[in-house]
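What follows is a single structure, written as structure tokens, with notes after it.
The values are calculated or read from the model by the stated rules, or taken from the named source; none is laboratory data. Owing to the predicted nature of the structure, the values given are computational and were not obtained by experimental measurement. No Cβ is skipped: glycine too gets one built from the backbone with ideal geometry, and neighbour counts run over all protein chains shown.
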Amino acid sequence: MKKITLVLLAVIISAAASAQKGKITAAETFIKEGAFDKAKEAIEEAIVNPKSMGLAKTYYVKGELCLGAFDSGDPKFMGLYPDILMEAYNNFEKAAQIDPKLKNRFIQENLYALLSNSLLNDAIAKFNDKDFKGAMQSFERNVMVSASDMYVGLVDTLVIFNAGLAAYNAELYNEAIAHFRTCTISGTEDTKPYIFISDSYLKMKDTLNAEAALIEGVNAYPDTLDIILQATQFYLDANNSTKAFEFVHKAMEKDPGNYILYLVEGSLFMKMEDYPKAIEALKASLERKPDQFESNYNIGLCYVSIANTMLNEANLIADNKEYELAKAKAFEEMKKAVPFFLDAEKANPTSLATLEFLREIYLKLKMMPEFEAYKAKVENL
């Protein structure tokens, strides 16, 4: 009788274990059918049962469930777990810990590559939705999964750059710098990481490190225009004309047909109040792009500035005849501004400053019909 009881007990235990394994099998079937909610019910029962909670397959199947539910694209299934892709990763990792032989299966089925791809899609979706912090985390997780010995392939360094870009947009500048620094080591995206590192430091009011990052980038890529232009802009903003000239001239060597570089050079000369040299540089800019507003307007401004200095000097002359001659010379210089302001007006008819300059010049030159025309233009604008 005792023997029969023991046999019966063994049958009961076997049946209970089979029942729980049946839950795992049921979950697998539901996953294949796309019934992920039912698969969740089945696998969660298996996880809490003492007979199956120690089985590697339980967690392997739950990982498959999470990955399949996310990849379905159905919000109902994608939200089955709060952080469903990390849930997939954690369950795959637990399955491999329980049964290390599963690693070969992960590799054969390319599961970590699939998970990595899903994390990348998640990151891109979040970035497009302007959830930059969430995008950064998903890019970082993609890198983490790709670094696993169960991943078939190499870490995509462009993903690290994108993680930095997401962090930058999320205003997480220290994290951004760390990711971009990794890119400078691998050479990913050439000069861009240096530019973003520099700007991240600027956002944190650290101008010393911002400058150092730019110079490092210039030294690493001395023939690349964008980093030279960035350095030029940095020194322009810092009011360091000497350094700004140095870098704008480097840029001119690389791109002599770029009208903006001559416009920048002219603007630097204007800051130094060296108007003849400014006019020369701005005319060189117009030779490369004649119909632009900026250089035409700035040349007009240079001539007005020269004329105003001459008028101030004329006002110091006591002799009336000499004063009138000096004033006439100043007005002749002011006249030179007119064609450039007219061309600036053609390029940008709604520039109030241009119209006001023309109105005032015509008034000083006693060209009254023109003055009235531009007075009306200013009032109508």
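Looking at 135, 123, 176, can you tell me which residue is closer than 26 Å to residue 201 by Cβ and either in the same structural domain as residue 91 (by TED's automatic domain parsing) or touching a residue at least 40 places away in the same chain (Cβ under 8 Å) (or both)?
Working: 135 fails: either in the same structural domain as residue 91 (by TED's automatic domain parsing) or touching a residue at least 40 places away in the same chain (Cβ under 8 Å) (or both); 176 fails: either in the same structural domain as residue 91 (by TED's automatic domain parsing) or touching a residue at least 40 places away in the same chain (Cβ under 8 Å) (or both).
Of 135, 123, 176, the one residue that is closer than 26 Å to residue 201 by Cβ and either in the same structural domain as residue 91 (by TED's automatic domain parsing) or touching a residue at least 40 places away in the same chain (Cβ under 8 Å) (or both) is 123.
Here is a yes/no grid of residues against (1) touching a His at 6+ places or on another chain (Cβ under 9 Å); (2) buried (at least 22 other Cβ atoms within 10 Å of the Cβ); (3) without any contact (Cβ under 8 Å) to a residue 60 or more places away in the chain; (4) part of a helix (DSSP H, G or I):
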| position | (1), (2), (3), (4) |
| --- | --- |
| 142 | no, yes, yes, yes |
| 149 | no, no, yes, no |
| 153 | no, no, yes, no |
| 183 | no, yes, yes, yes |
| 188 | no, no, yes, no |
| 193 | yes, yes, yes, yes |
| 200 | no, yes, yes, yes |
Options 318, 326, 278: the member that is in the same structural domain as residue 343 (by TED's automatic domain parsing), of a type in the set (Gly, Ala, Ser) and within 21 Å of residue 344 (Cα to Cα): 278
Does segment 255-269 hold any residues that are within 10 Å of residue 284 (Cα to Cα) and over 28 Å from the mean Cα position of the chain (by Cα), and which are they? 266
Could you tell me whether residue 209 is assigned to a helix (DSSP H, G or I), among the polar types (S, T, N, Q) and within 23 Å of residue 113 (Cβ to Cβ)? no
Kindly indicate the residue of segment 42-78 that is exposed (fewer than 14 other Cβ atoms within 10 Å of the Cβ) and more than 18 Å from residue 114 (Cα to Cα) and also farthest from the chain's Cα centre (by Cα) among those meeting that condition. 50
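Hey, among the residues in segment 95-134 that are of a type in the set (S, T, N, Q) and in a helix (DSSP H, G or I), which one's nearest to the chain's Cα centre (by Cα)? Don't jump to the end; show me each part of the working.
Looking only at segment 95-134, we keep the residues that are of a type in the set (S, T, N, Q), and these are 97, 104, 108, 110, 116-118, 121, 128.
Within this subset, residues satisfying the condition of being in a helix (DSSP H, G or I) are 97, 104, 108, 116-118, 121, 128.
On the way: 97: 39, 104: 39, 108: 37, 116: 22, 117: 22, 118: 22, 121: 18, 128: 12 Å.
Only one residue fits best here, namely 128.
In segment 349-373, how many residues are among the polar types (S, T, N, Q) and either assigned to a helix (DSSP H, G or I) or crowded, with 16+ Cβ neighbours inside 10 Å (or both)?
Taking segment 349-373 as the starting set, the residues that turn out to be among the polar types (S, T, N, Q) are 350-351, 354.
Still in the list and also either assigned to a helix (DSSP H, G or I) or crowded, with 16+ Cβ neighbours inside 10 Å (or both): 351, 354.
Of the residues in segment 349-373, 2 are among the polar types (S, T, N, Q) and either assigned to a helix (DSSP H, G or I) or crowded, with 16+ Cβ neighbours inside 10 Å (or both).
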If we scan segment 237-246, do we find a residue that is assigned to a helix (DSSP H, G or I), of a type outside the set (Gly, Ala, Ser) and under 25 Å from residue 173 (Cα atoms)? yes
Go through segment 86-132 and give me each residue that's modelled with pLDDT of 95 or more, loosely packed, with under 15 Cβ neighbours inside 10 Å and basic (Lys, Arg). 130
Just to be sure, is residue 262 crowded, with 23+ Cβ neighbours inside 10 Å and either among the aromatic types (Phe, Trp, Tyr) or assigned to a loop (DSSP other than H, G, I, E, B) (or both)? yes
Which one of the conditions (1) outside the structural domain of residue 54 (by TED's automatic domain parsing); (2) in contact with a Lys or Arg (Cβ under 8 Å, 6 or more places away or on another chain); (3) among the hydrophobic types (A, V, I, L, M, F, W, C) does residue 145 fail to meet, given that it meets all the rest? (2)
